[in-house]
Each structure stands twice: as structure tokens, then as C-alpha cells.
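Undergrad: Can you keep this structure in mind? I'll have questions shortly.
The values are calculated or read from the model by the stated rules, or taken from the named source; none is laboratory data. What you see is a predicted model; the values in this text were computed from it and never measured. As a convention, Cβ positions derive from the backbone with ideal geometry for all residues, glycine included, and neighbour counts pool all protein chains shown.
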Amino acid sequence: MAFGCWVGVFVLLSVWPSVRCSDLPRGAIETACRDRYLLVTTQLSFAGNKPRFEAVDADGVHPITKQYGSECGYMFSILPLRGHAELRASYFSCHTDNQDDEVFTFSFNLITIDANGVEATYSVTATCSLPLPWSPREVSCEENYMEVSMRSDVSCLSGTTDAWTAALAKAHSSATSTWQVMFQQEGQQLIPMSFSEARELGYVFHLTRGRLVFRSPYTPRSINGSVVEVVHPILFSRQRWVVMMVDWIVACSTNEGMYDGAGLVWQTPTLLSPLVSGLSGLESSKISMGVDGQLLDEPITAERGYSLDISDTTVQISIPFNAAGGYRKSFVMDNMYHEFYVVHLYYEQIFLDDCGVETRLRLHRPMNTPLLIQHLSIINQTVLEDRVFTVYLGNLSYDVDLVAVTLNGHNFTILDATKSGRVITMVPRPNSNLHAYILRLPFEDAAVHKLYSPEGLLQFSLDINYTFVILPQEEPSTTWPQSWLIPPVFKGVCNERSIRFQMDHKPFDYLWEVGVGPYILNSNLAAKRGYIMQNDSKSLTLEVPLFSVGYTYKDIHLKQFYGSFEIHSRLPKTLEVKSSLAKACLFQTTEVIVCSTEGVVTVVTDVTLAIPGAEPNGTFLLDSTCSDCKPQSQTVSIQAEYLRIIVRCVYPLSDLYKLFAYWRFEADSPGVGTILTRVPVKTLPPTTLTTTRRPLTSTTTSNTGLSPGRQMPGINPRAKYVKVFSWQMNQPKGTT
């Protein structure tokens, strides 16, 4: 498949691609110069599922990783719906040869990996001449970075603000002969730093012959609300008796769009007022929209059903489901036909300030619907007088093909059916990516069942089963083709008494299932187990308090131990785990009990905290028969002169269906443990609890042991044989 089917008008003045491969398939690698970036595309059928790019310049080779791309002006993505990967390189990207801001020369290496894991490298070069003159000020809102460039002679001040006055005072007191930068953030002090210090934070400053360039990745520190992301750098330097200041600011809408039941909707504020930092007025003069990096004129957008609604406060763009310019993908889940629809929105807006200085903003934003159930249209169009069964099957996407039919139990491929005179016709739907099939079968066909009814009527019956494949994977529709999807990835952070996980949402996350053990992670599970979960359009965060269900523990010592928690992504249908993260953290403690599945109770406790002056060496187990210190299924006490500490592990009965025949203990899940302090009278028999030590949890179980203040049962003798009857095995989970 060749790339470059771009809708709309653009000027391509010059591009000379050069690929080091004599037998390179046609269209395997293509380049195109756009208004402000070079587009490089490569077919996945040629490059494999994991191609990657390197930027090449006189200093060497620079791998374009996710982070490096956001800092240096490269956006790389794999687009399986279109069967290719693409790289967008800004004209001001780090390793581009810039001639007078007019001619830009790029050099890349494309590294491909074939099915056998063998790598191949191809050289790609291109030269672009500027197709559209630069505006005095331009802002690019890419998917992974924000970039602003402006003419070096732009100067316009029409008022002052408190923030500007504070910045001016700070610059006068801190300015040196070398350029410095400070980032203005609401409620924070201005801190001057060098360009190298800013570069370590991911910010890049660049001076061309006639323009100043600033680039910033999207980072939490630059978020100003949930709709618009803002970064506000101020450059300053002292030149003899004069302090020079350059006030920069970049603002981009971060709205990811939504599905309203009829199509995709995207909104942005009509005026991104932070773009002028309050120093001059701002008005919107022109707004345009398009897809795939191409602006479209009004007749084309109207023909496709796109709408652009502009008010004083909001710009709203609506794109109907299945409109031209988007991409539709089919899936089969739980034997039902599903689809989702993806659009790569391109947006441009031109602003004018009080001085007549033009600011041109461009934005790339991919949007997608959730996975939607699609109902096929099946219509019996049979006319009895024609003596021909006529069945219409419609509402099929372009990537679904009919490959076979079963007629009353007789199987036919489409080719076999056609050769035997059974007519199956594919019917395209006008102005749509949908199509249908019409099956025609005469009543006299051998596959048709004929039956005389008791009333003497002749009945003709036909039972039809259709078999489809979903393209381009060419897999039968009874499977879910998703080998190219990347599962969600979590990051874990250790806190003092919890572990916090975070996952940034990607377009296809809803095709995966996030789990904790065998359970699906949802709001009900989080509430039941005491997890703290937040899920919005940008990310999913999960904070798991220490001793919650799901933890495992190891290296337990008197003052510390390791607790770990695992979260994973899996396929909903097969439950196959595709990625997981087990985060282990070091926690501080003076008391802990762990009840293992083998019936081993591990206790760490400091008796001196309960009774000052107690000698830990003087403690002993009251159960003298427990010589190996591994009690099985009973309460064990530790006594220190006037103090008795009772340790108890409780297991759900349903976990003990394999339970200890002949001294063997085996449970499916760990038990719940408690450590309780009791002050006895002068005799050893237990009395009412008067002091309660902190009840602690066991491995992978919640802290739901005996409640503080309950009467502790007496110690029972060890059981040598316990038989669990079948009726006990069927009891509800948690019965003890």
C-alpha cells in the first residue's frame, strides 16, 4: 500500500528522498513536506511491527526515543489501522540543517526488524523549502511537545501586570552578561537558571538566523487547569547598563475529545489568553480544521458532515461516526461484532494582538470512540412468486469480508458457491465505507429443505450461517485480532504507608483489562479492599494502603520488611497477562504477623513496648508441644512475666478443603492474623482484654481479624486429624 493519499491542498516545493536499498518495495518509505514539518511514513508490512528512527547529523547518530522526541521536536507513532508508522519532524528539530529559515535538510536512519529478529538499516534524507511564510509568532501543539517560535525583532508592550513587574525586578537584580531564564508559575517564586539547567528539565531554547525557538514536553509542572497547558519562560540578560528581557509563552489545549453517541467532539477556548501574558489584547481572526495534518476547505468539510461551531468562549468541532477522513476498525468480542472509529484532527487558529502582530497556532490531536457494538442489518427480501430466496446482510465495515456460507448444514466458500450457481453479490453503500451482501438461492436448489405440512402445503426453508474475516489480519472472525496492540503500562511509586500506581491512558486502553490477581480492577473492587482509585480522561491512579488485600511480604525484620503489590494488563477474553508490574517497597514497623498458606506464622513484636523493662530473652511459648515453633491451626501465646501476647491466625474454611490430613496444612490463600495483649490475673487462664496491640494483616489478606476488645477464646489442644466434609467445601467464601 502506498502512502501519501492526502486530502486538501498543500505546497510541495522540493523533496529529494534517498534510501539505501536497491530492491526497496515501492511505497515502503515515503516523505512529504508539510507547512511546518517533514512527514516520513513506512509500511508495517515492510518495516515490521517495531520500526524505529534515528536522527543523523555531523555529530553522529541520535536514537529518537519517546523522551528525546518530545525534547527535540520529533513525533513518532505506529498506526496499525493504516498499516504504517510515521515520523513528524519539526523544521526546527534538533538535528535539522537550517538554511536561513527557508530550506531544511533532514537525515534519518530507519531500523527495521523482520520476523526472524534480523535488523536492517535504511538511510532516508529529504530537503524541504518553506511552503508558507513564517508568521511573526507560531505555536505548534504536537501530540508529545509544545513549540513556539517568533521573529527576533517582535516587540509589543501595551500595559503592565503585577507578574511582569515582579519578573522585571527579578531580572534587574539577577541579570548577568549570559542569558538566563526563569519560568513564571502562579503562586511560585521566580528562580533564574541557565539554559543548561533548563535543558535538564526538558526545555530547549534555540536561536536561528531570524527566529527564537522554545520547545517543551507536556509535563505535570506546566499544567494550568485541565483544559489548557501553559509554559511561561522569560529570558533576560544584562548588556552593559541595559537589561534585555524576552517574554515567551506557549499554551496548548489538552482536550482529548469525547464520543457523544453520534460522533467525536473536541472543544477548545476561543481565546487562549495566556498566549499574550496579559501584556496586549488578543482576538481570533481565522479558524480552520482538517485531518491527518491537512487543512480542508469548507465545501469538503460540509460534504463529510464535519461541523465547526464558534462562540465567544468556545470552539467546538464535531465529526460524525464513520465520516470520511477517519479510520474504522472491526473486532469480534464475546461472539459480537464491535467497531471503533479514529480521527487524527488537525486544527489551526490565527490571533492578532493590539499591535497587529499575528500568532498562528497549529494543533495535532488523535481522537477515538470507545469500542461500540454494531448490529448487522439482515433483511429477508424473498418474493414468493420469484421462487428465489433473497437475503440482504448489511452494515459491514470495509475491513470485513465474507469468505464462506453454510446453507442448511452444507458448507460453501464464496468461490465454491459462485461456481455452483449460488449467487452471492457484494453491494457497496454509496458515500460510505460500508458494504452489504445479497444471497440469492432458488427454491429448487439441493441445499433447500422441502417439507409438506399436515395441511398439504409445501414449505421451503433455509438456514444460513455467514463466516467473515477481518482485514488486514485475515483472521477468522471467531478470533480477536489484536497482536499489534500495546497493553497499558503502569508506573509504581513507594510512599510511607502505601504504593501508588499510575497509568497514562492511550487510545486503545479500553481493549484491555486491568487486574489485581484474578480480579478485574474497578471501583467496586477498590471500595471493597480499601484502595484509593481515581480514573479520568488522562490517567488512572491507584493507591494501595499497606496491609491491603493483594500485598505479599518478605525479608521481615524487627524494624522493617518488604511489601510488594502486583498489577497487570490482560486480554479480556483469554485472561492472558501481557504486561505486569510488581512494585516492592521497604516499610518500617515494630510489629507484624504473617500467616502463610503452609500454616507457618511469622511474628515480629517488641515486648518492651508493651511492658517497660521486660526481658525479650525471658519470653517463651506456652504451648510446649510446639518445639519447631511452627504452630498449625491454633492460637499460640507468648508470656513475659506479667504479660501475655496472644497470636492468632484465622483461615477461611473454603480455603482449607485440602486441609491437614496427617499433620499436613495447605490453604489456597493466606490467613488473617492478629496480635493481642492481655494482662492476666495471678493465674494463667485468660481474662478480659484490657490492652490491645495493633492488629496487623497477613500476606495478601486484609486486616479483618478479631476486633479490639473482644473476648479471646481459650487455647484448644492440637488436632491430629481434621476431616472436611463435602458440604463444607461448598460453603460461601470466608466462612470459618
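Undergrad: Looking only at residues in the range 243-261 that are surrounded by fewer than 16 Cβ atoms within 10 Å (Cβ to Cβ) and modelled with pLDDT of 90 or more, which one is farthest from P233 (Cα to Cα)?
TA: Among them, the one singled out is D260.
Undergrad: Taking the range 537-564, which residues are among the aromatic types (F, W, Y) and in contact with a Lys or Arg (Cβ under 6 Å, 6 or more places away or on another chain)? Let's see the steps before the verdict.
TA: Filtering the range 537-564 for residues among the aromatic types (F, W, Y) gives 547, 551, 553, 561-562.
The one that is among the aromatic types (F, W, Y) and in contact with a Lys or Arg (Cβ under 6 Å, 6 or more places away or on another chain): Y562.
Undergrad: Restricting the search to the range 365-412, which residues are among the hydrophobic types (A, V, I, L, M, F, W, C) and over 19 Å from M426 (Cα atoms)? If you could, list the steps in order and put the result at the bottom.
TA: Of the range 365-412, the ones among the hydrophobic types (A, V, I, L, M, F, W, C) are 367, 371-373, 376, 378-379, 383-384, 388-389, 391, 393, 396, 400, 402-405, 407, 412.
Result: M367, L371, L372, I373, V383, L384.
Undergrad: How many residues are surrounded by fewer than 15 Cβ atoms within 10 Å (Cβ to Cβ), more than 26 Å from P131 (Cβ to Cβ) and more than 25 Å from the chain's Cα centre (by Cα) if we restrict to the range 46-77?
TA: Total satisfying the criteria: 4.
Undergrad: Moving on. Return yes or no: is A404 buried (at least 17 other Cβ atoms within 10 Å of the Cβ), more than 30 Å from D35 (Cβ to Cβ) and at pLDDT below 90? Before you say what the answer is, go through the steps one by one.
TA: Numbers: buried (at least 17 other Cβ atoms within 10 Å of the Cβ): yes; more than 30 Å from D35 (Cβ to Cβ): yes; at pLDDT below 90: yes.
Considered against the rule, which asks whether it is buried (at least 17 other Cβ atoms within 10 Å of the Cβ), more than 30 Å from D35 (Cβ to Cβ) and at pLDDT below 90, A404 comes out as yes.
Undergrad: If E576 satisfies all but one of (1) touching a residue at least 12 places away in the same chain (Cβ under 8 Å); (2) exposed (fewer than 14 other Cβ atoms within 10 Å of the Cβ), what's the number of the condition it fails?
TA: Just one mismatch for E576, condition (1).
Undergrad: On the basis of being surrounded by 18 or more Cβ atoms within 10 Å (Cβ to Cβ), at pLDDT 85 or above and more than 26 Å from the chain's Cα centre (by Cα), does Y466 make the cut?
TA: Numbers: surrounded by 18 or more Cβ atoms within 10 Å (Cβ to Cβ): yes; at pLDDT 85 or above: yes; more than 26 Å from the chain's Cα centre (by Cα): yes.
The answer is yes for Y466.
Undergrad: I need the full set of residues from the range 546-565 which are modelled with pLDDT of 90 or more and surrounded by fewer than 17 Cβ atoms within 10 Å (Cβ to Cβ), in order please.
TA: Correct list: S564 only.
Undergrad: Among the residues of the range 530-573, which ones are assigned to a strand (DSSP E or B) and among the charged types (D, E, K, R)? Working first, answer last.
TA: The initial filter retains those residues of the range 530-573 that are assigned to a strand (DSSP E or B), namely 532-535, 539-545, 552-554, 560-570.
Within the range 530-573, E543, K554, E566, R570 qualify.
Undergrad: In contact with a Leu (Cβ under 9 Å, 6 or more places away or on another chain), in contact (Cβ under 8 Å) with a residue 60 or more places away in the chain, assigned to a loop (DSSP other than H, G, I, E, B) and of a type in the set (F, W, Y): does that describe Y347?
TA: Details: in contact with a Leu (Cβ under 9 Å, 6 or more places away or on another chain): yes; in contact (Cβ under 8 Å) with a residue 60 or more places away in the chain: yes; assigned to a loop (DSSP other than H, G, I, E, B): no; of a type in the set (F, W, Y): yes.
No.
Undergrad: Is it the case that the range 167-181 has a residue that's part of a strand (DSSP E or B) and touching a strand residue (DSSP E or B) at 6+ places or on another chain (Cβ under 7 Å)? Give the steps one after another, and end with the answer.
TA: First, pick out the residues of the range 167-181 that are part of a strand (DSSP E or B): 180-181.
Those left that are additionally touching a strand residue (DSSP E or B) at 6+ places or on another chain (Cβ under 7 Å): 180-181.
The answer is yes; a qualifying residue exists.
Undergrad: Which number in (1) crowded, with 17+ Cβ neighbours inside 10 Å; (2) in a strand (DSSP E or B); (3) touching an Asp or Glu at 6+ places or on another chain (Cβ under 9 Å) marks the one condition that A85 misses?
TA: (3)
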